[in-house]
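Some notes on the structure that comes next.
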Amino acid sequence: MNPILEVRHLSISFLQYESGFRRRMLTVIRDLSLTVLPGEIVAVVGSSGSGKSLLAHGILGLLPYNASMQGSILYDGTPLDPARAARLRGKEISLVPQGVNYLDPLMTVGAQLRKGERGAEIKKRCREVLARYGLKEETQSLYPFELSGGMARRVLISSAVLQSPRLILADEPTPGLDAQSAGRILGHFREMAKGGAGVLFITHDLDLALTVSNRVVVLYAGETVEEASASDFASGKLRHPYTQALWKALPCGEFTAVSGAQPYPGEIEQGCLFAPRCPHCRAQCTSGEIPYHPAGNGWVRCLLSPQEEE
Amino acid sequence: MRHRLQFAGKKLLRMILLLLGVSLAAFLLMNASPLDPLQTNIGQAALGSMSQEQIEVLEAYWGKNTPPAERYLQWLGSALRGDFGDSLLYRRPVLQIIGERLGGSLWLMVSAWILSGVLGFLLGAAAGWTRGKWPDRLIRGYCLLISSTPVFWLAILLLLVFAVWLGILPIGLSVPIGADAASVTLADRLAHAILPALTLSVTGVANIALHTREKMIDVLESDYVLFARARGESKSSILLRHGLRNMALPAITLQFGSISEIIGGSVIAEQVFSYPGLGQAAVSAGLGSDMPLLLGITVVTAALVFGGNFIADLLYGVIDPRIRRRAAHK
Ligand SMILES: Nc1ncnc2c1ncn2[C@@H]1O[C@H](COP(=O)(O)OP(=O)(O)OP(=O)(O)O)[C@@H](O)[C@H]1O
Ligand SMILES: [Mg+2]
């Protein structure tokens, strides 16, 4: 099956002005690759600041003014250049943004959902979609500041699924929701995947990712460190020490967290970004490029993995 | 509705207190001025030839013998009753003079205010929208150049070009020299107001455009515009539906906040063009130690500025749903 989304060696950097007129490129996403097949939910898991939101915005061609992007993004087998992304946004590709501040504070919910379209048809669709997430018709006449956190979250999701997209980029869609609402939303994602859509499910919650997704891509400080199928976790087939640490930190694992913190962009210039925290770190881990390579039915960026040791 | 009235009442009260403070500050400054009213208005030579009694009468007229506190309270007492006294220089009621002068200045200021507001907004929005491209650079270059140019210098430059070299506009005053009031046409008045109004507008535009540009960039970089684009809204929809809506509040603040700058600029522009407006009257009152006139002008202009801010606050309540809805719920 052809992937609906294919991201290859994606890098995103920011041009920053330091003291005076010195400029420097700050690379926040480096050599990120992943694929999403139709009918599949792929989770992107990473801690705060690992570049998850930027990945979603980059795919849509909506990076900030001072950002630049390298690598390639293929949608449905064809390169997704800015012009094509602009045509597909809101139609075939939709975004569930991360927070309430993604709603225009001065516009009612209904007006934002309708995007300026008029007519009975769009009104009907808005009503139906809102109802699906347990929101009443009156929600449409409310301003964002009048919504509770959970209501706003459901409005954001409604807006993303209004158009029956083929690719959904869901950026942390469920925090702040009760278990029932969250379950309903995840269930709905699964339903849409069954209908042939691809879902990129962005979250920092590995536990949640494992309950809904087919595959998990783990981000660490802007790099993909591992791609594993959801079943690899329970069966102990994980390839990267960071993924193993994440898995162990879950309540169902040993519940031990790895010490230290993820480095800031640009803090570590070469070698493995996880090296300072890695229990298995060796001399060759701290220099050169660590390649992202296939391992079993997944991918890994680690010198310890079997492929490299042969 | 009750909430809005309460809000308006509070604002009005604050405005009255501020007016009081401003008049007191103007009084104290004038009192501390090193200019001697007799010396400046009558002249050393004339004073020398006067008798002691005559000089005492004059000193009493210019208020030199009354203690400052008493003088201010006297003024305040009658001002609260609506009587702003007589101008010492012109020997006519202050309000009458202000009325005449304001008539000349007001439409100069209003036209400059509207022109600079509209033009500034459009240029700023265009610059923000085309950030980094040539229209932006052009507009920003123009604004930086203008805002680093003193108003009087610009006024002289315009005067030189249009009145002296090209000779297409009058060099000063508000009506043709020597013409009697009945024969002055509207076209005459317009022609005389163009240069001062242009000076004021040109300088006002720069400030408003630069601020509007920043706001435009903020809006375009906002999360809600990102999401609007992610939903597939077109550029024009982003500009018209989200851009203008979110720029309206800061634009109102800027526009009404610029009243004070327009008034300040008019003092200088009217001086250069010998335009008999309020600004010019303020200068002569200040230099001539005409306390009642200066206080009158101070209070009136301050009231204009505060009035502008007050209107801006009320407009907020109409435009911003966060204020409007909250008020409605109360
Ligand atoms: N406009 C910007 N300019 C410079 N750096 C930026 C900019 N936007 C994001 N970054 C940096 O990029 C990195 C990734 O940011 P991103 O928002 O993608 O994180 P995230 O994984 O979504 O985090 P979270 O879970 O907190 O949402 C961060 O280190 C952040 O500081
Ligand atoms: Mg994020």
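The values are calculated or read from the model by the stated rules, or taken from the named source; none is laboratory data. Since this is a predicted model, take the numbers as computed values, not measurements. So basically every Cβ, Gly included, is an ideal-geometry build from the backbone, and we count neighbours across all protein chains shown.
Overview of results
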{"quantity": "Of residues in region A:174-192 being touching a Lys or Arg at 6+ places or on another chain (Cβ under 8 Å) and small (G, A, S), the one modelled with the lowest pLDDT", "calculated": "A:G176"}
{"quantity": "Where A:D81 falls short, out of the listed (1) more than 9 Å from chain B (Cβ to nearest Cβ); (2) crowded, with 19+ Cβ neighbours inside 10 Å", "calculated": "(2)"}
{"quantity": "Residue check for A:G99: more than 14 Å from every other protein chain (Cβ to nearest Cβ) and within 27 Å of A:S53 (Cβ to Cβ)", "calculated": "no"}
{"quantity": "Residue in region B:294-305 that is touching a residue at least 40 places away in the same chain (Cβ under 8 Å), surrounded by 18 or more Cβ atoms within 10 Å (Cβ to Cβ) and within 14 Å of chain A (Cβ to nearest Cβ) present", "calculated": "no"}
{"quantity": "Number of positions in region B:21-64 that are more than 15 Å from B:A285 (Cα to Cα), modelled with pLDDT under 75 and among the hydrophobic types (A, V, I, L, M, F, W, C)", "calculated": "8"}
{"quantity": "Search result, residues across region A:102-142 that are at the interface with chain B (Cβ under 10 Å from one of its Cβ atoms), surrounded by fewer than 20 Cβ atoms within 10 Å (Cβ to Cβ) and touching a Ser or Thr at 6+ places or on another chain (Cβ under 8 Å)", "calculated": "A:T108, A:K115, A:G116, A:L142"}
{"quantity": "Wholly within region B:78-159, helices (runs of 4 or more DSSP H) carrying at least 1 residues that are acidic (D, E)", "calculated": "B:94-129, B:134-147"}
{"quantity": "Checklist (1) part of a helix (DSSP H, G or I); (2) within 11 Å of chain B (Cβ to nearest Cβ) applied to A:G150, failing item", "calculated": "(2)"}
{"quantity": "Selected residue (criterion: nearest to A:P79 (Cα to Cα)) from residues of region A:46-56 that are surrounded by fewer than 24 Cβ atoms within 10 Å (Cβ to Cβ) and more than 6 Å from ligand 1 (Cβ to nearest atom)", "calculated": "A:A56"}
{"quantity": "Conditions (1) aliphatic (A, V, I, L, M); (2) within 30 Å of B:N309 (Cα to Cα); (3) modelled with pLDDT of 75 or more: number failed by B:A69", "calculated": "(2)"}
{"quantity": "Condition check for A:P175: surrounded by fewer than 22 Cβ atoms within 10 Å (Cβ to Cβ), within 12 Å of chain B (Cβ to nearest Cβ) and not β-branched (V, I, T)", "calculated": "no"}
{"quantity": "Selected residue (only one of B:I259, B:I311 is touching a Phe, Trp or Tyr at 6+ places or on another chain (Cβ under 8 Å), within 23 Å of B:M216 (Cβ to Cβ) and either modelled with pLDDT of 85 or more or away from chain A (no Cβ under 14 Å) (or both))", "calculated": "B:I259"}
{"quantity": "Test for A:L88: is it surrounded by 17 or more Cβ atoms within 10 Å (Cβ to Cβ), out of contact with any strand residue (DSSP E or B) (no Cβ under 6 Å at 6 or more places or on another chain) and without any contact (Cβ under 8 Å) to a residue 24 or more places away in the chain", "calculated": "yes"}
{"quantity": "Leading residue by the ranking (farthest from A:L74 (Cα to Cα)) among those in region A:4-29 that are more than 11 Å from ligand 1 (Cβ to nearest atom) and buried (at least 16 other Cβ atoms within 10 Å of the Cβ)", "calculated": "A:S11"}
{"quantity": "Qualifying positions in region B:221-242 - within 10 Å of another protein chain (Cβ to nearest Cβ), in a helix (DSSP H, G or I) and farther than 25 Å from A:R153 by Cβ", "calculated": "B:K235, B:S236, B:L240"}
{"quantity": "Residue ranges of strands (runs of 3 or more DSSP E) in region A:13-82 with at least 3 members of a type outside the set (G, A, S), within 16 Å of ligand 2 (Cβ to nearest atom) and touching a residue at least 40 places away in the same chain (Cβ under 8 Å)", "calculated": "A:23-36"}
{"quantity": "Cβ pairs under 7 Å, 6+ apart, first in region A:277-305 and more than 15 Å from A:Y220 (Cβ to Cβ), second crowded, with 18+ Cβ neighbours inside 10 Å and among the hydroxyl-bearing types (S, T, Y)", "calculated": "A:A295/A:S305"}
{"quantity": "Residue list for region A:86-136, filter: closer than 20 Å to A:P165 by Cα, within 18 Å of the chain's Cα centre (by Cα), of a type in the set (G, A, S) and assigned to a loop (DSSP other than H, G, I, E, B)", "calculated": "A:G90"}
{"quantity": "Candidate set from region A:150-169 (those that are closer than 13 Å to A:Y102 by Cβ and not hydroxyl-bearing (S, T, Y)); member that is nearest to ligand 2 (Cβ to nearest atom)", "calculated": "A:L169"}
{"quantity": "Some residue of region A:32-40 being touching a helix residue (DSSP H, G or I) at 6+ places or on another chain (Cβ under 8 Å) and within 16 Å of ligand 1 (Cβ to nearest atom)", "calculated": "yes"}
{"quantity": "Strands (runs of 3 or more DSSP E) (entirely within region A:177-288) containing at least 3 residues that are among the β-branched types (V, I, T) and within 16 Å of ligand 2 (Cβ to nearest atom)", "calculated": "none"}
{"quantity": "Checking A:L63 against (1) aliphatic (A, V, I, L, M); (2) within 9 Å of ligand 1 (Cβ to nearest atom); (3) touching a Gly at 6+ places or on another chain (Cβ under 8 Å), the condition it does not meet", "calculated": "(3)"}
